[in-house]
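What follows is a short report on a single structure.
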Amino acid sequence: MKSFLRSAALVMGTCAAGLFAGAASAETGQPSPWQINLQAAVTPVMEKIHDFNTLMLIIITSIVLFVLVLLAIVVVRFNERANPVPSKTSHNTLIEVAWTVIPVMILVLIAIPSFRLLHLELNIPKPDITVKVTGHQWYWSYEYPDNGAFGFDSYLVPEKDLKAGQPRLLAVDNEVVVPVNKIVRIQVTSSDVIHSFAVPSFGVKIDANPGRLNESWFKVTREGIYYGQCSELCGRDHAFMPIAVRAVSEADFAAWVAQAKAKFASAADAAGQLADAGETATLAAGPLAR
């Protein structure tokens, strides 16, 4: 009996250690081989999600071990050989009260940090910067209304064009750039179908619905590049709609904003000139061209 319990405890301990080891070995900002836990946290919200996940792991492991011990006791003490004359006792009041009250107490223990986490996620503090995110089939558009109202599209980098260090199916041509230790509010919408903006290291996942503006926030505490993907089945190329956010220092962000204004304003002007030229050509061709 004792050896059986020791073996069961060893197995459960090994499983729990493996889960924690998976969390420790996970790369920051992107998935890693053999990863079995959450990505490393770089925002206050994701840190709380990690804490809640650990609490749930402890509670679940404790319940499994407790039930396993009860099953072992029943098998050993109440089998036919050890207990040839079974008891006919029923309706044990103490046991019935216990198995009603104890689960309720466990649910309350889970609910308190859960509600606190929801409050943290849904109550957006005063933002330092706002980024508007628009989902399309199948790419993202970003606008910076607080930094000159410029915007750009962000597409997946094809595998043949990947540079050294760029992850397959996650790298994009134009990354979102944000400053570290600043509260970033994201306003998310869609131009066609339902998409979902999700960056695991930030603890952010919010639907992009056409005709509706949803909001969330994050505050990155470490410089680096963090990847995500559309997390809604949005059509044929759903798997090729990545998100890349680069967190930089405040000085580097100011320099990037100055460059982005010129870069994307020039691109917008060129697109506008092409559209105007096409409209002029159509008008010159006369009614038959239309």
Sort the stretch 129-276 into rounded, prolate or oblate with this rule: let a ≥ b ≥ c be the square roots of the eigenvalues of the Cα gyration tensor; rounded if a/c is under 1.5, and if a/c is not under 1.5, prolate when a/b is larger than b/c, oblate otherwise.
rounded
Which residues' amide hydrogens lie under 5 Å from the amide hydrogen of residue 174, considering only partners 5 or more residues apart or on another chain, with H built in the peptide plane?
155
By per-residue mean of other Cβ atoms within 10 Å, what is the highest-first order of 104-113, 139-148, 231-240?
139-148, 231-240, 104-113
If you wrap the stretch 95-191's Cα atoms in a convex hull and average its projection over all directions, what's the area in nm²?
11.2 nm²
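What pairs in 160/263; 48/219; 126/263; 48/126; 163/205 have C-alpha atoms more than 22 Å from each other? It would help to have the intermediate numbers written out before the result.
Values: 160/263 25 Å; 48/219 13 Å; 126/263 29 Å; 48/126 20 Å; 163/205 28 Å.
Violating the 22 Å Cα-Cα cut-off are 160/263; 126/263; 163/205.
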How high is the relative contact order of the stretch 129-276, in percent, with contacts defined as C-alpha pairs under 8 Å that are six or more residues apart?
25 percent
Vicinal HN-Hα couplings computed from phi for the stretch 28-34 (Karplus, 6.51 cos²θ - 1.76 cosθ + 1.60; Hz; Gly/Pro x):
7, x, 7, x, 10, x, 6
Which ³J(HN,Hα) values, rounded to whole Hz and listed in residue order, are derived for the stretch 167-177 from phi using the Karplus coefficients 6.51, -1.76 and 1.60 in 6.51 cos²θ - 1.76 cosθ + 1.60 with θ = phi - 60°, glycine and proline given as x?
x, 5, 6, 10, 6, 10, 6, 10, 7, 6, 10
Could you let me know the centre-to-centre spacing of the stretch 48-112 and the stretch 116-184, using Cα atoms, in angstrom?
46 Å
Within the stretch 66-105, trypsin sites (Lys or Arg not before Pro) in DSSP loop having at most 13 other beta-carbon neighbours inside 10 Å
81, 88
Distance (nanometres) between label positions extended 7 Å along Cα→Cβ at residue 146 and residue 259:
2.2 nm
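Tell me, 91, 50, 195 in order of fewest to most beta-carbon neighbours within 10 Å?
Result, fewest neighbours first: 91, 50, 195.
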What full-extension length gain, to one decimal in nm, is calculated for residue 122 and residue 108 as 0.36 nm per residue of separation minus the Cα-Cα distance?
3.0 nm
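Taken together, the values in this text are just the output of simple stated rules run on the coordinates, not laboratory data. Predicted, not measured: the structure shown is a model, and the values here were computed from it. Every residue, glycine as well, gets a Cβ built from its backbone with ideal geometry; the counts of neighbours run over all protein chains shown.
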